[in-house]
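Q: Structure provided below as C-alpha cells; questions to follow.
The values are calculated or read from the model by the stated rules, or taken from the named source; none is laboratory data. This is a predicted model, so every value here is computed, not measured. Every residue, glycine among them, receives a Cβ derived from its backbone with ideal geometry; neighbour counts consider all protein chains shown.
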Amino acid sequence: MSLKSTLHNLKEKYKGTKMAPAFNALHTFLYLPNDTTHGGTHIKAADDLKRTMNTVIMALIPCLIFGMFNAGYQHYHALGTPVDFLSWDSFSIGLIKVLPLIIVSYGVGLGIEFLFAIIKGHEVEEGYLVTGMLVPLIVPIDLPLWMLAVAVAFGVVIGKEVFGGTGMNILNPALTIRAFLFFAYPTWMSGDKVWVHGAVERANEIASGANVDVISGETILGSLAQGNGAGYSVADMFYGFIPGSVGETSTFLILLGGLFLIFTKIGSWRIMLSSVLGALVMGLIFNSVVDAGWVTVSSKFYGLMSTEFWHHLLIGGFAFGTVFMATDPVTASQTNKGKWIYGFLVGFISILIRVFNPAYPEGVMLAILLMNVFAPTIDHYVVQGNVKKRMKRLKAKTA
Amino acid sequence: MGLLSKKDAKLITDPLADNNPITIQVLGICSALAITAQLKASIVMAISVMFVLGMGNVVISLIRNIIPSKIRIIVQLTVVAALVIIVDQVLKAFAYELSKTLSVFVGLIITNCIIMGRFEAFALGNGPWRSFLDGIGNALGYGIILVIVGFFRELLGSGTLLGFKVLGDPIEKTGLYALGYENNGFMLLSPMALIVVGIIIWVQRSRNKDLIED
C-alpha cells in the first residue's frame with residue numbers, strides 16, 4: 001500500500017472526529033487531495049497557498065546553504081585558523097548548528113498550528129511553512145534552542161493565532177518571533193559575541209581564566225556605530241563573507257531570491273524597489289548632513305551617518321528584510337499605490353532607526369513591524385482617495 | 001452567609017470574575033501596565049486602591065443627597081484627592097523605597113477610571129454600607145488582576161517573587177540558571193503587561209462564553 005493511500009485511509013478513518021484536521025493536513029501537505037470542489041463556478045489555478053509557500057522556500061534555500069558555509073567560515077576565521085569557504089570543515093559546523101534551529105522552529109511552530117486547528121476545528125493552514133524557514137535565518141547561530149522554542153510559541157500564538165490564524169495576522173510572525181527574542185534576551189541577540197559560533201563559550205573561558213584569544217565577531221553595523229569603520233571590503237559585504245544572523249549576510253543571494261520572487265510574481269517588486277529607494281533617500285540625507293558639517297566626528301552618530309548611502313543596502317539585515325519580510329502579502333499594503341508608500345517608509349525608517357538608535361542597530365525589523373501596523377491605514381486612504389476621484393469624475397460627467 | 005445578605009455578597013463577588021473592572025470593563029489599564037513589574041508593587045497598589053475606593057465610596061454615599069449635581073465631579077475629585085494624599089503620605093513615611101518604585105502612579109490613582117466610575121455608577125445611588133462593599137469588591141477585582149500580572153512578570157522577568165530568588169541565582173548560576181535558563185527581559189517592559197492582561201481576558205472568556213460580546 002502506498003503512502004498516499006495509507007494517508008488517505010487514515011483521513012477517512014478520522015473523518016468527523018476532533019483529530020481530523022491533523023490527518024487532513026498531513027495528506028494535503030504531501031499529496032494533492034483526491035476530492036475536488038463540487039458545483040458552482042470556480043477558478044482553477046495552480047498557485048494555491050501551498051505552491052506560494054514552496055516558492056518562497058525555494059528562494060530561501062540558497063541563503064540557507066550559504067549561511068551554513070558562512071557559519072563555519074566565520075568560526076574558523078575568528079579562531080585564527082582560516083579554512084576555505086567551500087569546504088566540508090566550514091559546512092559541517094553550519095550544518096550541526098543550523099539544522100537544530102530549523103527542526104525546533106518547524107517542530108514548535110507546526111505543533112502549535114496543528115493544536116489550534118484541532119481545538120478550533122478548522123483545517124491546518126500552510127502559513128507557518130515560510131515562517132518556519134525564515135526564523136532560523138534571522139537569528140544568531142548560537143541562540144539556545146529553548147529560547148527559540150519559547151519565541152516561536154509566542155510568535156505563533158500571540159502574533160498569529162489570536163488574530164484568527166494565517167491571513168488574519170497584523171504583524172509578520174517571523175519578525176514577531178525575532179522581536180520577542182530581541183527584547184527578551186538582548187544579550188543573545190545583540191553585541192559582538194553572538195554572531196560567530198563559539199564566541200560566547202570563548203568569552204566564558206576567558207572569564208574563568210583560560211589563556212586564549214578572544215573571538216570578536218562584531219557585525220558591521222555594531223562596528224560602524226562605534227565609529228570603527230566597516231572593516232570589510234564592499235565585495236565581502238555584497239557576497240556575504242561577514243558575520244551576522246544565519247542567512248542574511250549575502251546580499252547577492254538575497255538579490256537572486258528577490259528576482260526569483262519577482263519573476264514568479266510571488267513577491268511585490270513595488271515594495272522591494274520603493275523600500276530600496278526609501279533607504280537610499282534616508283542615506284543621502286544623512287550623508288549630506290555630514291557633508292554640510294552639521295555633524296562632527298565627535299558625535300556618536302558620525303560613524304553610521306557618514307557611511308556611504310548605498311553601503312546601507314549591503315550591511316545588516318536590510319536586504320533580507322526588504323525581500324522576504326516586507327513583501328509578506330498578508331501584512332503589507334494591498335493596493336499598488338499603498339505598496340509604494342509602505343515600501344518607501346520601510347526603507348526610510350530602517351535607516352533612521354539604524355543610525356539614531358545604536359542600542360538597536362537592526363532597524364529593518366522594527367521598521368517593518370511598525371509599517372505592518374500602518375499598512376491597513378495606508379490602504380484605507382488609498383482606497384478612499386480613489387473613491388473620491390471617481391465620484392468627482394462622475395459628478396463632472398452628469399453635471 | 002450570616003454577615004452579608006445574598007445581594008450584598010454579590011457586590012463583592014461579581015467584580016472578582018464576571019464583572020471585573022479590568023478584564024470586562026477594561027478600566028484602570030494604565031496602572032495595571034505601569035507598576036506590575038514587581039509583585040510587591042502590585043500588592044501595595046491594590047491595597048492603596050482598595051483603601052481609596054472603599055473610603056471614597058462611603059464618603060460620597062454619605063453626602064450624595066447634598067451634592068449639587070452640576071458640580072458633583074469636582075466634589076468627587078476632591079474626595080479622591082484627599083484620600084490619595086493620605087495613602088501617598090503613609091507610603092512615604094513607612095515604605096519609602098516602595099513609594100519611589102510606585103512614583104507618580106500613587107498620585108495617578110486619582111485618575112483611575114475605576115474610582116470615578118464606581119462613584120458615578122454606584123455610590124451616588126446607594127447607601128454607605130452597600131457602597132463600601134461595592135468599593136471593596138471592585139478594588140479586589142482590580143487587585144486580583146494586578147497580582148496575577150505582577151506574579152508572572154516578576155517570576156519570568158526577574159526570576160524572583162516578592163524579592164525572593166525562587167528560580168535560583170542568575171549570577172551564581174544556581175537552580176534553573178545552572179541549566180542555562182535566563183530571565184525574560186521582555187517581561188519587564190510594559191507591552192508584555194498588556195499581553196498578559198490580554199491572555200487573562202482570553203482565558204476568562206473561553207471559560208465563560210457569555211462574556212464574549214458582539
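Q: Would you confirm whether or not region A:141-155 contains a residue that is away from chain B (no Cβ under 14 Å) and more than 30 Å from A:TYR14 (Cα to Cα)?
A: Scanning region A:141-155 turns up at least one residue that is away from chain B (no Cβ under 14 Å) and more than 30 Å from A:TYR14 (Cα to Cα).
Q: Suppose we filter B:GLY143, B:GLY137, B:GLY198 for residues that are surrounded by 14 or more Cβ atoms within 10 Å (Cβ to Cβ) and either in contact with a Leu (Cβ under 6 Å, 6 or more places away or on another chain) or more than 30 Å from B:GLN76 (Cα to Cα) (or both); which single one remains?
A: Just a single option satisfies the conditions, and that option is B:GLY137.
Q: Inspect all residues belonging to region A:109-123 and state whether any of them is out of contact with any Asp or Glu (no Cβ under 6 Å at 6 or more places or on another chain), more than 14 Å from chain B (Cβ to nearest Cβ), in a helix (DSSP H, G or I) and within 30 Å of A:TYR73 (Cα to Cα).
A: yes
Q: Go through the residues of region B:158-169 one by one and say whether even a single one is exposed (fewer than 14 other Cβ atoms within 10 Å of the Cβ) and within 14 Å of chain A (Cβ to nearest Cβ).
A: Taking every residue of region B:158-169 in turn, none turns out to be exposed (fewer than 14 other Cβ atoms within 10 Å of the Cβ) and within 14 Å of chain A (Cβ to nearest Cβ).
Q: Same structure again: Could you check, for region A:328-339, whether at least one of its residues is crowded, with 19+ Cβ neighbours inside 10 Å and farther than 23 Å from A:ALA375 by Cα?
A: Checking region A:328-339: not a single residue is crowded, with 19+ Cβ neighbours inside 10 Å and farther than 23 Å from A:ALA375 by Cα.
Q: Restrict the check to region B:203-213 and report whether at least one residue is in contact with a helix residue (DSSP H, G or I) (Cβ under 7 Å, 6 or more places away or on another chain) and in contact (Cβ under 8 Å) with a residue 24 or more places away in the chain.
A: Yes.
Q: Another question about this same structure. Counting just the residues of region B:177-196 that are of a type in the set (Phe, Trp, Tyr) and farther than 22 Å from A:PHE163 by Cβ, which one comes out nearest to the other protein chains (Cβ to nearest Cβ)?
A: Ranking the qualifying residues of region B:177-196, first place goes to B:TYR181.
Q: Related question: So which residues in region A:156-191 are over 15 Å from the mean Cα position of the chain (by Cα) and more than 12 Å from chain B (Cβ to nearest Cβ), if there are any at all?
A: Result: A:LYS160, A:GLY164, A:GLY165, A:THR166, A:GLY167, A:MET168, A:ASN169, A:ILE170, A:GLY191.
Q: Considering only region B:178-186, I want to know if a residue exists there that is surrounded by 13 or more Cβ atoms within 10 Å (Cβ to Cβ) and among the aliphatic types (A, V, I, L, M).
A: Scanning region B:178-186 turns up no residue that is surrounded by 13 or more Cβ atoms within 10 Å (Cβ to Cβ) and among the aliphatic types (A, V, I, L, M).
Q: Determine the pairs where a residue that is of a type in the set (Gly, Ala, Ser), located within region A:282-303, has a partner that is modelled with pLDDT of 85 or more with Cβ atoms under 8 Å apart, the partner being 6 or more residues away or on another chain.
A: A:GLY283/A:ILE351
Q: Sticking with this structure for a sec: Looking only at region B:114-123, decide whether some residue is surrounded by fewer than 16 Cβ atoms within 10 Å (Cβ to Cβ) and either within 14 Å of another protein chain (Cβ to nearest Cβ) or aromatic (Phe, Trp, Tyr) (or both).
A: Within region B:114-123, not a single residue is surrounded by fewer than 16 Cβ atoms within 10 Å (Cβ to Cβ) and either within 14 Å of another protein chain (Cβ to nearest Cβ) or aromatic (Phe, Trp, Tyr) (or both).
Q: Taking the condition in contact (Cβ under 8 Å) with a residue 40 or more places away in the chain, over 26 Å from B:SER206 (Cα atoms), touching a helix residue (DSSP H, G or I) at 6+ places or on another chain (Cβ under 7 Å) and of a type in the set (Phe, Trp, Tyr), does A:TYR128 pass?
A: no
Q: State yes or no: is A:SER275 in contact with a Pro (Cβ under 9 Å, 6 or more places away or on another chain) and either surrounded by fewer than 24 Cβ atoms within 10 Å (Cβ to Cβ) or of a type outside the set (Val, Ile, Thr) (or both)?
A: Spelling it out, it is not the case that A:SER275 is in contact with a Pro (Cβ under 9 Å, 6 or more places away or on another chain) and either surrounded by fewer than 24 Cβ atoms within 10 Å (Cβ to Cβ) or of a type outside the set (Val, Ile, Thr) (or both).
Q: Answer yes if at least one residue in region B:173-180 is of a type outside the set (A, V, I, L, M) and at pLDDT 85 or above, and no otherwise.
A: no
Q: Is there any pair linking a residue in region A:84-109 that is at pLDDT 85 or above to one that is crowded, with 18+ Cβ neighbours inside 10 Å and β-branched (Val, Ile, Thr), with Cβ under 6 Å and at least six apart or on different chains, and which?
A: Within 6 Å, the pairs are A:LYS97/A:ILE141; A:VAL98/A:VAL246; A:SER105/A:VAL135; A:SER105/A:VAL152; A:VAL108/A:VAL152; A:GLY109/A:VAL152; A:GLY109/A:VAL156.
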